[in-house]
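Inspection log for the structure reproduced underneath, given as structure tokens.
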Amino acid sequence: MEKIIVIFFSVVLINNFVLSRFLGLCPFLGVSRESGAALSMGLAVTFVMTMASIVTWFFYYFFLVPYQLEFLQTIVFILVIATFVQFVEMVMAKTSPALQEALGIYLPLITTNCAVLGVSLLNVREGYSLIETTVNGFGGGLGFTVAILLMANIRERLEFCDIPECMKGFPISFIVTSMLAFSFFGFQGFFSK
Amino acid sequence: MGFLFRSGEIFIKGVWRENPTFRLVLGMCPSLAISTSVVNGFGMGMAATFVLLGSNIMVSLVRNFTPSKARIPIFIIIISTFVTIVELFTEAFTPGLHKALGIFIPLIVVNCIILARAEIFASREPILYSIADALGMGVGFTLALMLISAIREVLGNGTILGRPIFGPDYDPAIVMILAPGAFLTMGLLIGLMNYITRKR
């Protein structure tokens, strides 16, 4: 139990996927212009990361390991994730069109989000059990949501700031991210003995 | 000779005017994560260039019988095949680099540069131009990575290619090789590129 709590807090705050592991930067920079869209993106990523962690875990331990095909993990994982995202989109279109409207355009983008493939690979590399994998996937998504929401709120205020022409857009976003990553360092003392 | 001239033009465009890192802002995750030393930056750049070359050639070869609805899965399978080759190759011949780059080698699959070049360029153009495009983009990416990692290695570690350059009194700014330094370097470099190109 203790290990699960440690995994959860460390993946949300200390080893935040965006701010300290550099995973999922494309949606982080691309969809953080406005906080409503950022929240939808965060929720979609959290859902896909949790489910993809679980699905790839089953594929790895029940399909790749018994047949000694571990070296195919990159190909198999990306196909499983792409298929899964497509499947989720189809289910959503059938069952809850409102939710699909909210997340619609973001879902296909998630396939190429490196945080999703990254969390699946990390789970296998760390040798996590199924519960630990689920917690790691969910926590990773939650950490992404926290980071993208903070970023969106800062960027909404930046709209009214007088920034030099050549620093507008990506450059200033990177510098703000740098400050965010700096402040997340404060959490590192959390689990030190 | 016209096609040779055009290939050269495509190559130069990838290195400078459409530099994938600074101008197109693609492939950010590996550029930031592994640019802690020049050796890592160079290794990552070479790995990505190989995958880019392989996938551009394959995509360009099959472009006339790829159904447009199934093109993305086809591209992804082609790319991940080459990534697996790189992964096994580095594990066997350069284990140190394989360890330093960690999960960022398999993550070349989702590097947006490669999928973007397959989609925008290789699926429409003949094979020779696709090779020029892959080499241009690959070299542009490698040079960008080496520039970022040189800045971070010098400031954050006081070394270049592992050799100390400041003497024993230099107190390295460790933050530059940690996450905030990566974001800061990238932001300032893109800002600088914007400044230079706007002045012309």
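The values are calculated or read from the model by the stated rules, or taken from the named source; none is laboratory data. All values reported here derive from a predicted model rather than from experimental measurement. Positions of Cβ are generated from backbone atoms using ideal geometry, with glycine treated the same way; all protein chains shown enter the neighbour counts.
Grab the helices (runs of 4 or more DSSP H) fully contained in segment A:78-131, keeping just those with 1 or more residues being surrounded by 22 or more Cβ atoms within 10 Å (Cβ to Cβ) and touching a Lys or Arg at 6+ places or on another chain (Cβ under 8 Å).
Qualifying helices (runs of 4 or more DSSP H): A:114-126.
Quick test of your reading of the structure: A:Phe87 fulfils all but one of (1) modelled with pLDDT of 80 or more; (2) within 24 Å of B:Ala33 (Cβ to Cβ); (3) not small (Gly, Ala, Ser). Name the failing condition by number.
The number of the failed condition is (2).
Could you tell me which numbered condition B:Asn19 fails, if it satisfies all but one of (1) surrounded by fewer than 19 Cβ atoms within 10 Å (Cβ to Cβ); (2) touching a residue at least 24 places away in the same chain (Cβ under 8 Å); (3) under 28 Å from B:Ile177 (Cβ atoms)?
(1)
I'd like the full set of residues that are more than 11 Å from chain B (Cβ to nearest Cβ) and either in contact with a strand residue (DSSP E or B) (Cβ under 6 Å, 6 or more places away or on another chain) or touching a residue at least 12 places away in the same chain (Cβ under 8 Å) (or both), limited to segment A:61-91.
A:Phe63, A:Leu64, A:Val80, A:Phe84, A:Val85, A:Val88, A:Glu89
Would you check which residues across segment A:48-73 are within 23 Å of A:Ala115 (Cα to Cα) and of a type in the set (S, T, N, Q) and list them?
A:Thr50, A:Ser53, A:Thr56, A:Gln73, listed by residue number.
Considering only residues that are within 10 Å of chain A (Cβ to nearest Cβ) and assigned to a loop (DSSP other than H, G, I, E, B), look in segment B:92-117 and name the one that is farthest from B:Ile76 (Cα to Cα).
The selected residue is B:Ile105.
So how many residues does segment B:31-75 have that are surrounded by fewer than 22 Cβ atoms within 10 Å (Cβ to Cβ), hydroxyl-bearing (Ser, Thr, Tyr) and not in a helix (DSSP H, G or I)?
Summing the residues that are surrounded by fewer than 22 Cβ atoms within 10 Å (Cβ to Cβ), hydroxyl-bearing (Ser, Thr, Tyr) and not in a helix (DSSP H, G or I) in segment B:31-75 gives 3.
How many of the residues making up segment A:1-43 are of a type in the set (A, V, I, L, M, F, W, C), more than 14 Å from chain B (Cβ to nearest Cβ) and in a helix (DSSP H, G or I)?
13
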